[in-house]
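The values are calculated or read from the model by the stated rules, or taken from the named source; none is laboratory data. Fair warning: this is a prediction, and the values are worked out from it, not measured in the lab. Please note: Cβ atoms are built from the backbone with ideal geometry, for glycine as well, and neighbour counts cover all protein chains shown. SASA here: full protein model, heavy atoms, side chains in, ligands and nucleic acids out. Shrake-Rupley method; radii C 1.70, N 1.55, O 1.52, S 1.80 Å.
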Amino acid sequence: MNELTTVVDWSRLQFALTAIYHWLFVPLTLGLSVIVAIMESIYLKTKSEKWLRATKFWMTLFGINFAIGVATGLILEFEFGTNWSNYSWFVGDIFGAPLAIEGLLAFFMESTFVAVMFFGWKKVGPKFHLASTWLTAIGASISALWILVANAWMQYPVGMEFDPAQMRNVMDDFWALFSGIAVNKFFHAVFSGWALAGVFVIGVSSWFLFKKRNRDFAIRSIKVGAWFGLTGMLLTMYTGDGSAVEVTKHQPMKLAAMEGLYHGHEGQSLAAVAILNPDKDWNNDEDEYLFEIAIPHGLSILGRHDFNAFIPGIKDIINGVDINAEGDTINTVSYPERIEMGRKAQNALKLYGEAYAAGDSAAMASSLKELRENYRFFGYGYFDSVDEAIPPVGLTFTMFRVMVILGSYFLLFFIVVLILVYRTTIFEKAKWLQIIAMVSVPFMWICSQAGWAVAEVGRQPWTVQDLLPTKAAISAIPASSVIVTFWIFAALFTILLIAEVSIMVRQINKESKQNLEIDKA
């Protein structure tokens with residue numbers, strides 16, 4: 001059992017490590033590709049060499065980031081086979097479909113047109129080149145679409161049926177994969193990439209102003225970055241609201257963990273600022289918070305767009321208590337009942353296999369009937385207690401607030417930058433604003449990573465919600481192998497990150513010197 005626990009924990013750590021590093025590159029790719037396309041569109045319209053230089057500069061930084069993002073993404077997909085083979089077998093027919101489409105369609109689309117974008121300036125016409133730049137940006141978003149559809153399916157498994165003869169799930173409705181969770185997740189991720197790229201462009205451009213170099217280039221870039229980033233941030237907040245509604249419907253335990261909520265109420269408040277009580281457990285009477293400043297009715301509005309809606313807490317969900325649309329208290333399936341149903345489903349599957357081997361059609365039909373009646377809670381049968389089904393409340397609660405607080409800050413940041421950048425004299429003299437802009441760049445990545453942590457940590461312990469927990473999804477490999485590869489990947493990814501930052505810094509310095517010479521000339 002200790003060996004199993006070690007393999008599960010280290011496999012999760014390795015996947016988290018790879019995902020964290022990969023997510024450093026993905027949002028910037030999604031956002032910067034569109035900014036480059038916008039700048040090239042302006043260049044094609046104005047024929048200004050200044051816009052051409054700006055386009056090529058940001059395109060170079062995009063290319064550096066894109067290349068390293070691809071490397072980490074490939075490793076991430078390989079880990080499904082090396083570390084999570086039971087998962088791959090159990091749901092590979094469904095999960096693999098969007099990933100295959102991503103590889104065959106979006107990735108090849110990106111790789112084809114990115115080559116034209118970088119090397120086709122003098123080989124194709126300007127309109128074709130611009131089309132290639134836009135198609136690269138569109139391809140990056142389409143690539144994200146299929147990956148996020150696959151991820152959303154893990155959070156809300158639909159469009160499939162379990163085939164006991166194969167002992168695996170098979171797809172029966174492809175279009176069901178585009179659920180509300182998938183749509184909101186896709187747009188939320190893409191628009192947050194726009195916001196991140198906006199902060200990145202503003203931060204780098206502010207460095208030029210801080211060094212008193214390339215004033216015109218910097219101001220032009222900041223204007224594009226600020227408008228683009230503000231648009232992205234507003235749309236990120238809008239789609240985040242939609243995601244909260246979907247999570248409330250389909251993953252109420254995640255929402256309760258995000259809020260640190262154990263006992264729900266009608267007109268549930270939202271803890272704007274709070275400190276969790278470390279002694280609080282779902283089955284004790286301790287207070288939820290040591291300190292709290294709440295927004296009245298906030299969580300009811302966030303989760304159900306209703307001032308007086310009931311939002312269940314962790315204890316309510318475990319006990320199967322909810323309130324229906326009419327406001328009546330109802331009993332859903334409690335977690336102890338889910339564990340019992342999961343065990344019935346697993347036992348029925350075992351009996352089905354035995355009957356199939358013996359050729360007993362009557363026993364097969366009986367077992368299949370019981371399996372289908374209990375299958376929706378199949379994964380709970382792996383738990384020994386309800387405590388195993390509760391996500392890490394402290395981490396989910398903290399990351400949610402980091403995301404919201406930083407997101408609110410960046411909304412204000414974009415507004416202030418936009419107001420001041422059109423008063424160029426003020427912006428150029430405002431060294432404090434330039435420093436804030438540069439310092440804000442890593443905080444935008446922290447905001448992005450916090451959002452990803454909320455989505456993934458909040459759904460634990462599941463790889464597939466209600467059907468397959470992490471401890472049943474891993475490969476039968478020694479813990480030592482996972483530990484060794486974890487540290488190898490940690491070193492490799494760190495080297496790649498250092499290499500990317502170093503190359504970008506050199507490229508920024510190179511551009512600074514070149515444009516300074518042009519300005520002097």
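Here are the numbers:
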{"read-out": "Rounded to the nearest 10 Å², the accessible area of residue 287 at probe 1.4 Å", "value": "110"}
{"read-out": "Convex hull volume per residue in cubic angstrom - Cα atoms of the range 91-186", "value": "91"}
{"read-out": "Nearest-20 debye value, the chain charge dipole, Cβ charges on Lys, Arg, Asp, Glu", "value": "3640"}
{"read-out": "Förster radius 60 Å - calculated FRET efficiency between residue 121 and residue 477 (Cβ-Cβ, nearest 0.05)", "value": "0.80"}
{"read-out": "Probe 1.4 Å - accessible area at residue 187, Å² to nearest ten", "value": "80"}
{"read-out": "Largest-first ordering by accessible area, 1.4 Å probe, given options 40, 428", "value": "428, 40"}
{"read-out": "Centroid-to-centroid separation of the range 241-274 and the range 476-498 [C-alpha atoms, Å]", "value": "35"}
{"read-out": "Sum of -39500 (n - 2.57) over DSSP H runs of 4+, divided by residues of the chain (222 nm, nearest 500)", "value": "-25000 deg cm²/dmol"}
{"read-out": "Cα centroid separation - the range 332-362 against the range 384-462, whole Å", "value": "45"}
{"read-out": "Inter-label distance for residue 173 and residue 71, nm, one decimal - labels placed 7 Å from Cα along Cα-to-Cβ", "value": "4.3"}
{"read-out": "Cut-off under 5 Å, modelled amide H: who pairs with residue 270 long-range", "value": "295, 297, 298, 299"}
{"read-out": "Descending Cα extents along the principal axes, the chain, whole Å", "value": "88, 52, 43"}
{"read-out": "Signed unit charges on C-beta, dipole axis of the range 138-278, positive-most listed residue 158, 229, 244", "value": "229"}
{"read-out": "Sequence-distant lysines (8 or more away, or on other chains) whose Cα lies within less than 24 Å of residue 350", "value": "369, 471"}
{"read-out": "Whichever lysines have a C-alpha closer than 23 Å to that of residue 249, once near sequence neighbours (fewer than 8 apart) are set aside", "value": "185, 315"}
{"read-out": "Extreme residue, positive dipole direction of the chain, given options 52, 385, 64 (C-beta unit charges)", "value": "52"}
{"read-out": "Computed accessible area, residue 494, all protein chains, 1.4 angstrom probe, square angstrom", "value": "50"}
{"read-out": "Theoretical gain in end-to-end length, residue 281 to residue 494 [0.36 nm per residue, Cα-Cα removed]", "value": "72.9 nm"}
{"read-out": "Portion, in percent, of the accessible area of the chain that falls on carbon or sulfur, probe 1.4 Å", "value": "65"}
{"read-out": "Exposure ranking of 249, 344, 122 by accessible area [1.4 Å probe, largest first]", "value": "122, 249, 344"}
{"read-out": "Amide proton proximity set for residue 264, modelled H, under 5 Å, gap of 5+", "value": "313, 316"}
{"read-out": "Per-residue ³J(HN,Hα) for the range 341-347, Karplus 6.51 cos²θ - 1.76 cosθ + 1.60, θ = phi - 60°, Hz, x for Gly and Pro", "value": "5, x, 5, 5, 5, 5, 5"}
{"read-out": "Derived scalar couplings ³J(HN,Hα) [the range 189-203; Karplus, 6.51 cos²θ - 1.76 cosθ + 1.60; whole Hz; x for Gly, Pro]", "value": "5, 5, 5, 5, x, 4, 4, 5, 5, x, 5, 4, 5, 5, x"}
{"read-out": "Rounded, prolate or oblate (a/c below 1.5 giving rounded, otherwise prolate when a/b exceeds b/c) for the range 384-521 by Cα gyration tensor", "value": "oblate"}
{"read-out": "Calculated from backbone phi, Karplus (6.51, -1.76, 1.60) coupling profile of the range 291-302 in Hz, x at Gly/Pro", "value": "8, 8, 10, 10, 9, x, 6, x, 6, 5, 5, 5"}
{"read-out": "Net +/- balance of residues flanking residue 98 in space, Cβ distance below 13 Å, scoring K and R +1, D and E -1", "value": "-2"}
{"read-out": "Accessible surface, 1.4 Å probe, highest first, among residues 18, 6", "value": "6, 18"}
{"read-out": "5 angstrom amide H check on residue 168, placed H, neighbours 5+ away", "value": "163"}
